[in-house]
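Heads up: the structure comes next, in structure tokens.
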Amino acid sequence: MEPWLVTVLVCGAYLGLSLGMGIASRRTVTGTVAGYVAADRSMNVLVLYFVLGASVFSSFAFLGGPGWAYSRGAAAFYILAYGAVGMVPLYFIGPRARRVGARLNFVTQAELLVHRFANRPLGIVLAIVSVAACIPYLTLQMKGAGYILSVISEGLIPEWAGALVTYGVVMTYVLTSGVMGVGWTNTFQGIFMLVVAWFMGLYLPWKLYGGVGPMFTKIAASDFGAMLTAPGVTTSGEPWNWWAYSSAIIVSAMGLSMWPHLFMKSYAAKSDRALRLTVVLYPTFQLFLVPILLIGFAGVIAYPNVAPADTIVPYILTQIEFPALIVGLVCAGTLAASMSTGDALLHAAASIGIRDGLAPLVSHSISDRQQRSYIRILVVVLGAVSYYFAVASDVSLVALLLGSYGAVAQIFPLMFAAFYWPRATGVGALSGLLAGILVSVFFLLVPELRPFPIHEGVFGLVANIVVLTVISLYTRPEPMEKLRLYTGIESDAQSG
Amino acid sequence: MDTLPKGPVFFVPGTSKAYRLRRLLFLGVITAAAVALIWPAYALVARPLPLVLGLPVPLAWIVAWLLIVMGALVLLYRSE
């Protein structure tokens, strides 16, 4: 049997297992919106851990991350750095959100903020931001999946077909099982990703250089040595700017736990302790970025001049004489990285689009059953839109995604104020959010007008916080009864 | 009549001093980690050599802080 066929069959088996697992999970939740979107608030630590971890680590982890290490050296360390602190806010804010959500039947991030700030337009804005941020992210996952299947099949599976099959599987289990489908498959995919990453990340340096230390010693002594000096280099080989590096860390760290598809998992946790323990354990998932980056560094001396840099992992796979079965498992790991993020994005974007976008705009209340139907319809629509961008559009998705982080980070001041600043008002929150997004988008589109060479999200955060604070102090706060719910619902020391 | 504090409220009324101290200490560790991972602190460890456990110094520095944050999280979680 041809090696490529073995590889494709392994990937096919992986897709089949994911599909079966995703569909089977349907039996574990009720047929309600709470079941579909928040798993009936029943997720345990194991599933939560993999849902959070695997959702964060996407195609970027297996393709982009090694690509950054390969082409930009120490610049890639920023991915590890912001994740070291980025999930910590969820330790404190997550349980509070969970308790409020359980009491008031929230399943989305925007519902909580709309209630806290008694401001419906805020929900519409958040819905637009959430869906708009999810689409490029989802599209990039589809492109990654299509690309890897095309490479391992030596072109026999075109990228459009690879993306279609992979995300046909994702869409099927998201449609049938909602967030529990995401949970079960992410657990399977997360274990897969971890094993593949650690194996490749340790094996390749040993195979090519005799170990991790010898690999870095050789790189440091070579013409590529400068790339190992922090903060790394840009794509043109020039040293990356410290301002840009540091501000990227700040914005990414503040935005990480605010991504709607991650934040919403607070509602799915079965208890505060389960959620907190998940955050405590999350750094172990973050550590898996180390072997991921080692894979990219392994290509620097051994396989120079590979372009584009994001193709370094599939390129190495074609050069190293692995058995086809191993190549198949590595490719399946790459698919797992893509799918584990794509399913969460697709599910969250559709849920938010209906709960926060459509429902507040219609004059009559939508029944639980209708909401689920509409969410499922939107899953198909958003999947189709993202697929179109993945295969038929030339829009710069990486640029869009990087810009999305600046917008998502603007949610952080609102979420902080919701739980820790009773004086924050709805008018202040909406004004701050809009100011932050507008400033962030402005400097994204016109970078030459930035007063300092830093991430545009930082300018947005400054504008956001100033406007939120000033306007809140001059507008009427929410009633004390509601504020007690958010700032003192039960003492944190007593929650279980 | 209840009065509304103008500033942030980090602890609900009734939380013990020990509880507040633990959380403030934890916040101190996280702040230290955040400072350590950006300029200017991170610039002090910018050079890759000598390798630390086979890793370039900047990477080893970040991994070390990741482990410190995890340790702090474990201690905080167990204390609560």
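The values are calculated or read from the model by the stated rules, or taken from the named source; none is laboratory data. Given the structure is predicted, the values throughout are model-derived calculations rather than measurements. Reconstructed Cβ throughout: ideal geometry from the backbone, glycine too, with neighbour counts over all protein chains shown. Heavy atoms of the whole protein, side chains included, go into the accessibility calculation; ligands, DNA and RNA do not. Shrake-Rupley method; radii C 1.70, N 1.55, O 1.52, S 1.80 Å.
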Quiz item: Which condition does residue A:289 not pass, out of (1) over 20 Å from residue B:57 (Cα atoms); (2) buried (at least 23 other Cβ atoms within 10 Å of the Cβ); (3) at the interface with another protein chain (Cβ under 10 Å from one of its Cβ atoms), if it passes all the others?
Solution: (1)
Exercise. Determine which member of the set B:61, B:65, B:39 is at the interface with chain A (Cβ under 7 Å from one of its Cβ atoms), open to solvent by 30 Å² or more (accessible area, probe 1.4 Å) and part of a helix (DSSP H, G or I).
Key: B:65
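Residue under question is residue A:416, and the condition is that it be within 14 Å of another protein chain (Cβ to nearest Cβ), under 26 Å from residue A:250 (Cα atoms), open to solvent by 40 Å² or more (accessible area, probe 1.4 Å) and part of a loop (DSSP other than H, G, I, E, B); does it hold?
On the way: within 14 Å of another protein chain (Cβ to nearest Cβ): yes; under 26 Å from residue A:250 (Cα atoms): yes; open to solvent by 40 Å² or more (accessible area, probe 1.4 Å): yes; part of a loop (DSSP other than H, G, I, E, B): no.
In short, no.
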Exercise. Might you let me know whether segment A:202-219 holds any residue that is within 14 Å of another protein chain (Cβ to nearest Cβ) and not in a helix (DSSP H, G or I)?
Key: yes
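Could you please find all residues in segment A:304-329 being closer than 17 Å to residue A:64 by Cα and among the hydroxyl-bearing types (Ser, Thr, Tyr)? Outline the logic, then answer.
First, pick out the residues of segment A:304-329 that are closer than 17 Å to residue A:64 by Cα: A:304-317.
Selection gives A:311, A:315.
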Exercise. Collect the residues in segment A:427-477 that are surrounded by fewer than 20 Cβ atoms within 10 Å (Cβ to Cβ) and assigned to a loop (DSSP other than H, G, I, E, B), keeping them in residue-number order.
Key: A:446, A:450, A:451, A:452, A:453, A:474, A:475, A:476, A:477
Quiz item: Restricting attention to segment A:317-327, does a residue exist that is within 16 Å of the chain's Cα centre (by Cα), of a type in the set (S, T, N, Q) and more than 14 Å from chain B (Cβ to nearest Cβ)?
Solution: no
Quiz prompt | Failed item, numbered, when residue A:344 is tested on (1) farther than 27 Å from residue A:37 by Cα; (2) surrounded by 15 or more Cβ atoms within 10 Å (Cβ to Cβ); (3) modelled with pLDDT of 90 or more | solution = (1)
Quiz prompt | Residues satisfying the stated conditions in segment A:202-217, i.e. of a type in the set (Val, Ile, Thr) and buried (at least 22 other Cβ atoms within 10 Å of the Cβ) | solution = A:212
Exercise. Give the residue, chosen from A:58, A:42, that is within 24 Å of residue A:111 (Cα to Cα), of a type in the set (S, T, N, Q) and buried (at least 19 other Cβ atoms within 10 Å of the Cβ).
Key: A:42
Quiz prompt | Lone unmet requirement of (1) more than 9 Å from chain A (Cβ to nearest Cβ); (2) in a helix (DSSP H, G or I) for residue B:50 | solution = (2)
Practice problem: Could you list all residues from segment A:226-241 that are surrounded by fewer than 22 Cβ atoms within 10 Å (Cβ to Cβ) and at pLDDT 95 or above? | Solution: A:229
Quiz item: Failed condition for residue A:180, given (1) within 30 Å of residue A:6 (Cβ to Cβ); (2) open to solvent by less than 30 Å² (accessible area, probe 1.4 Å), with all others met?
Solution: (1)
Practice problem: Just give me the residues in segment A:255-282 being open to solvent by 10 Å² or more (accessible area, probe 1.4 Å), within 11 Å of chain B (Cβ to nearest Cβ) and in contact with a helix residue (DSSP H, G or I) (Cβ under 7 Å, 6 or more places away or on another chain), in sequence order. | Solution: A:276, A:277, A:281
Quiz item: Of the residues that sit in segment A:478-496 and are at pLDDT 90 or above and not in a helix (DSSP H, G or I), which one is farthest from the chain's Cα centre (by Cα)?
Solution: A:479
